[in-house]
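Chemist: First, the structure itself, so that you have it in front of you.
The values are calculated or read from the model by the stated rules, or taken from the named source; none is laboratory data. As the structure is a computational prediction, the values presented were derived from the model and not from experiment. Glycine gets a Cβ as well: all are built from the backbone with ideal geometry, and neighbour counts include every protein chain shown.
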Amino acid sequence: MAEVKTVRRRYGKTLIGVLIVSAYLFPVYWMIATSLKTNGDVFTIPPEIFPSPLVFGSYVESVLHSPPVIRSLVNSMVIATGTLVLTLVLGAPAAYGLARLRLRFTVLLTLVLLLAQMLPTINLALPLFVIFSGVGLVDTYLGLILANTALALPFAIIILRPFFLTVPGELMDAARVDGCGRFGAFARIALPLVRPGLVTVGALAFVTAWGEFVFGLTLATSEQMQPVTVALNRFIGQYGTRWADLMAVATVAALPITLIFAGLQRFIVNGITTGATKE
Amino acid sequence: MSTRTHTVAQQNTEQAPSPESLPGRSRARASRFRDYMFVLPAVAFITLLMIYPLGYNLNLSLHDTNLGNFLTGSSPFVGLQNYAEAFGESEFWHSLGISFVYTGGSIAFSFVVGFALALFFDKTFPGSGTMRAVLLLAYVFPSVVSGTVWRWMLQGEGGIINSVLQRLGFLREPVFWLIQGDTALMSVIVTTVWVTTPFVMILLLAGLQGISPSIYEAVQLDGANAWQRFRYVTLPLVRPVALTVLLLSFIFTFKTFDNVFVMTRGGPGDATNIMPIYAYDLAFTFFRFSDGAVATTVLIVISVVMSLAYFWASRREEAA
């Protein structure tokens, strides 16, 4: 009897938990539900909580058949992928160096990295705009990738460093004795061992760059180069009361992030807590 | 869940100094140089794309750079005149004040809600780990998307929030939340709380899980009830973590731009014109780059001071 009671209490908690999570994430549901109505039906009183019938018109007209939306999605994909690659290329060796080697400025660099994460983005966007104007990087993919990497690189190094610390030093020494060389030991021995760290950092760099707004708003001056976040903000004014269309664009803009989050949840949750707090 | 084990000082000692084993100074130096090659690209990148721009920004704030002269680079040096002018403008103080109200309100509510959620999800029950993680979706979501969705939910006409509040009898007439100053500020705070609370919850959970179950067992044997256990065990033991969490959420909320910009663009009027939006407008709407640089310099000073406070608090927490 006592067991049954405990089980019931445990699942009672689960039920309450499910209710809390559902209520909390209602805005996400409401975004999707609105996107599946017609632009007129979103104003019915009382609002339809479960849209019926499901209408996919907004996705067809305002996403698939809208060149500016498609273009902005492509832009975001290029910028986020570029940021991911550049962050790993710069961040992995740096984290390895800071973990493995005796470098004089480790403490200083770590402090700089931590402070860098706490900067308001506008603090970089303003001078970067002026500097990039002088060297032709405004309104280019490269400029946007460089700026986004500046946001991602600090947490990449902070998250990756502890992973490299777990690689046994003897292993690295053995690899070097076997003629691997310094870089070979890093690339062939250490990198494969820290794959979970690389996945975490890659996912976070992509997610951050995909959702980034301030650089997109300031450094992409033409609509042709704007990421989907900036496009979405522009549509708020353009679409007026076509909320179903706007929610369809918002849903598509959030889709890659949601998929990555669903697939790599464990990595992302760990990365968020480590990146923000570990010193 | 990550445990917070490293401090800046500790990291230094992690690299145990090994005796110099390489023969000859030049070989040692060459090998040293190769060691630095791993870190050099990242350091060069950070220097070029963060440190240099921040220095540039400071320099910008001491010149008079505007649309007319920013490409020619021939802007006159004016010293601290821009600062004097900014400090004399009521808009500056207004946006600084709004920033503090917005940040203070947001972190207070997200702390209370986040703490309640952390207490609930601290218990292990089937699915608790997954649920905690799923809540973080609100934090990972692109903030422009969150801002857009909340903007829709808060619409005076067709907004779900009005419907619910009217149905529950809290409102008689629909409220145009984002069109009136005081409700607009409330609205952006609510949205920010929604975004940051899961993050606060996860950080507080780490603190709660650091409390040894044996302490609870001991006081339970002494006959402490649930409230007493919370009041005399949980609260005091979670307090050092709470301080660092509050400081950290201050730092991250103070620099918010996206969802406020998307929801109100600083308006109506200047009711939600937080400092980052004020700086953005100066530089990118009015092309007064130097005045924008003054505002961002003030932002960075506050951020750095709070960050140093955070480092200090988290080291004290480690020591405790």
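Chemist: Evaluate the stretch B:34-57: report whether one residue or more is in a helix (DSSP H, G or I), away from chain A (no Cβ under 13 Å) and modelled with pLDDT under 90.
Modeler: Within the stretch B:34-57, the subset in a helix (DSSP H, G or I) is B:34-57.
Those still in the list that are away from chain A (no Cβ under 13 Å) too: none.
No - not one qualifying residue is present in the stretch B:34-57.
Chemist: Tell me the residue from B:105, B:156 that is without any contact (Cβ under 8 Å) to a residue 24 or more places away in the chain, more than 8 Å from every other protein chain (Cβ to nearest Cβ) and over 15 Å from residue A:16 (Cβ atoms), please.
Modeler: Values: B:105 fails: without any contact (Cβ under 8 Å) to a residue 24 or more places away in the chain.
The conditions single out B:156.
Chemist: Follow-up. Go through the stretch A:69-87 and give me each residue that's surrounded by 17 or more Cβ atoms within 10 Å (Cβ to Cβ) and not hydroxyl-bearing (Ser, Thr, Tyr).
Modeler: Once the filter is applied, which keeps residues that are surrounded by 17 or more Cβ atoms within 10 Å (Cβ to Cβ) and not hydroxyl-bearing (Ser, Thr, Tyr), the stretch A:69-87 yields A:69, A:73, A:75, A:79, A:80, A:82, A:84, A:86.
Chemist: For the stretch B:188-269, which fully contained helices (runs of 4 or more DSSP H) count at least 3 residues that are surrounded by fewer than 23 Cβ atoms within 10 Å (Cβ to Cβ)?
Modeler: Working: elements: B:213-221, B:226-229, B:235-254, B:258-263.
So the answer is B:213-221, B:226-229, B:235-254.
Chemist: Shifting gears a bit: I'd like the full set of residues that are surrounded by 12 or more Cβ atoms within 10 Å (Cβ to Cβ) and β-branched (Val, Ile, Thr), limited to the stretch B:66-104.
Modeler: B:78, B:98, B:101, B:103
Chemist: All but one of (1) of a type outside the set (D, E, K, R); (2) surrounded by fewer than 19 Cβ atoms within 10 Å (Cβ to Cβ); (3) farther than 30 Å from residue B:67 by Cα hold for residue A:224; state the number of the condition that does not hold.
Modeler: (3)
Chemist: Now for a different question. Name, by its number, the condition in (1) buried (at least 19 other Cβ atoms within 10 Å of the Cβ); (2) more than 8 Å from chain A (Cβ to nearest Cβ) that does not hold for residue B:113.
Modeler: (1)
Chemist: Looking at the stretch B:295-305, is at least one residue of a type outside the set (A, V, I, L, M, F, W, C) and not in a helix (DSSP H, G or I)? Show your work before the answer.
Modeler: Filtering the stretch B:295-305 down to residues of a type outside the set (A, V, I, L, M, F, W, C) leaves B:296-297, B:303.
Of the ones still in play, those that are also not in a helix (DSSP H, G or I) are none.
No, that holds for no residue.
Chemist: Right, another one. What residue, of B:189, B:179, B:161, B:202, is in contact (Cβ under 8 Å) with a residue 12 or more places away in the chain, more than 14 Å from every other protein chain (Cβ to nearest Cβ) and in contact with a helix residue (DSSP H, G or I) (Cβ under 8 Å, 6 or more places away or on another chain)?
Modeler: Working: B:179 fails: in contact with a helix residue (DSSP H, G or I) (Cβ under 8 Å, 6 or more places away or on another chain); B:161 fails: more than 14 Å from every other protein chain (Cβ to nearest Cβ); B:202 fails: more than 14 Å from every other protein chain (Cβ to nearest Cβ).
Unique residue meeting the criteria: B:189.
Chemist: So, in the stretch B:271-300, of the ones that are surrounded by 22 or more Cβ atoms within 10 Å (Cβ to Cβ), within 19 Å of residue A:132 (Cα to Cα) and among the hydroxyl-bearing types (Ser, Thr, Tyr), which residue ends up farthest from the other protein chains (Cβ to nearest Cβ)?
Modeler: Among those residues, the one meeting the criterion is B:290.
Chemist: If the requirement is being assigned to a helix (DSSP H, G or I), surrounded by 21 or more Cβ atoms within 10 Å (Cβ to Cβ) and either more than 8 Å from chain B (Cβ to nearest Cβ) or at pLDDT 95 or above (or both), which of these qualifies: A:191, A:204, A:171?
Modeler: Going through A:191, A:204, A:171 in turn, just one is assigned to a helix (DSSP H, G or I), surrounded by 21 or more Cβ atoms within 10 Å (Cβ to Cβ) and either more than 8 Å from chain B (Cβ to nearest Cβ) or at pLDDT 95 or above (or both): A:204.
Chemist: Could you please find all residues in the stretch A:209-267 being assigned to a helix (DSSP H, G or I) and of a type in the set (Gly, Ala, Ser)? First the steps, then the outcome.
Modeler: If we filter the stretch A:209-267 for residues that are assigned to a helix (DSSP H, G or I), which is where we start, we get A:209-211, A:214-219, A:223-225, A:228-239, A:243-263, A:265-267.
Passing the criteria: A:209, A:211, A:216, A:231, A:237, A:244, A:248, A:250, A:253, A:254, A:262, A:263.
Chemist: Scan the stretch A:113-136 residue by residue and report those that are more than 7 Å from chain B (Cβ to nearest Cβ) and without any contact (Cβ under 8 Å) to a residue 40 or more places away in the chain. Give the derivation first.
Modeler: Taking the stretch A:113-136 and keeping what is more than 7 Å from chain B (Cβ to nearest Cβ), we get A:113-114, A:117, A:125, A:129, A:132, A:134-136.
Within the stretch A:113-136, A:134, A:135, A:136 qualify.
Chemist: Scan the stretch A:111-131 for residues that are out of contact with any Pro (no Cβ under 7 Å at 6 or more places or on another chain) and part of a loop (DSSP other than H, G, I, E, B) and jot them down. Please lay out each step first, then the result.
Modeler: At the first step, the residues of the stretch A:111-131 found to be out of contact with any Pro (no Cβ under 7 Å at 6 or more places or on another chain) are A:111-112, A:114-115, A:118-119, A:121, A:123, A:125-126, A:129-130.
The answer is A:118, A:119.
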